[in-house]
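Read through the structure below, which is laid out as structure tokens, and then see the notes.
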Amino acid sequence: MIVIQLNQRQQKIIEIVKETEPITSEAIASLLNVTRATLRSDLAILTMTGILDARPKVGYFYTGVNNLSLIGDEIKNKKVEDIMSIPVIAKKDDSLYEVIVNMFLSDVGSIFIIDEEDTLCGVVSRKDLLKATVGGADMNKMPIGMIMTRTPNIVTVVKEDNVILVAKKIIEHEIDSVPVVEEIENKLKIIGRISKTNITKLFLEMVDN
């Protein structure tokens, strides 16, 4: 759960509202011996987070609900399958040039590589492609399988995984995205992709709502 840290004055404001609700900002300021202007930012934070509720010409009420905590709880309930996108895939025999073009047109940071049986066998990032081209590789002749990171050194997730778990994996391994896989007949099939962008969009949607 996401917990917002309140300063001492904000905590005192909450105590006052609890005991005397409804109470106006003028009354709160008088009890704390400060000006209304001084309290403006504190009251804004407490109402924005949902801890206090303000009603015109009535005053402030205590609700005890922290909207940031609600957002945290909602994120915890989100699964990979709720926000995953379509994966960008290449064959391991595709040339370096073909993969670079694919990455450029798809506007992604990494591409997942499959073998002849459509099984996940590797992944390449922009950094991998840059290293290969700077190193003088023949882009039209070198197969992407020569420079890809191979399984089992690939971080994967399944559609039932929690979004928080995925975010931790992305941060821990310092990667752009992870493939969403499904094991079929002991082979890993790629069914989706989840990236930093997917997670950021989820957070923004929740905040906007």
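The values are calculated or read from the model by the stated rules, or taken from the named source; none is laboratory data. Keep in mind it's a predicted model, so treat the numbers as computed, not measured. When we count neighbours, we look across all protein chains shown, and the Cβ atoms used for this are built from the backbone with ideal geometry, even at glycine.
For the stretch 151-176, the candidate set comprises residues that are buried (at least 18 other Cβ atoms within 10 Å of the Cβ) and more than 20 Å from Asn77 (Cα to Cα); within that set, the residue that is modelled with the highest pLDDT is Ile154. If you go through the stretch 196-209 one residue at a time, do you hit one that is part of a strand (DSSP E or B) and either assigned by TED's automatic domain parsing to the domain that holds Asp118 or surrounded by fewer than 16 Cβ atoms within 10 Å (Cβ to Cβ) (or both)? Looking for residues that are part of a strand (DSSP E or B) and either assigned by TED's automatic domain parsing to the domain that holds Asp118 or surrounded by fewer than 16 Cβ atoms within 10 Å (Cβ to Cβ) (or both), one finds none in the stretch 196-209, hence no. Of the residues making up the stretch 17-31, none is within 30 Å of Val163 (Cβ to Cβ), part of a helix (DSSP H, G or I) and not hydroxyl-bearing (Ser, Thr, Tyr).
Apart from one condition, Ala137 fits all of (1) surrounded by 15 or more Cβ atoms within 10 Å (Cβ to Cβ); (2) of a type outside the set (S, T, N, Q); (3) within 12 Å of Phe112 (Cα to Cα); the exception is (3).
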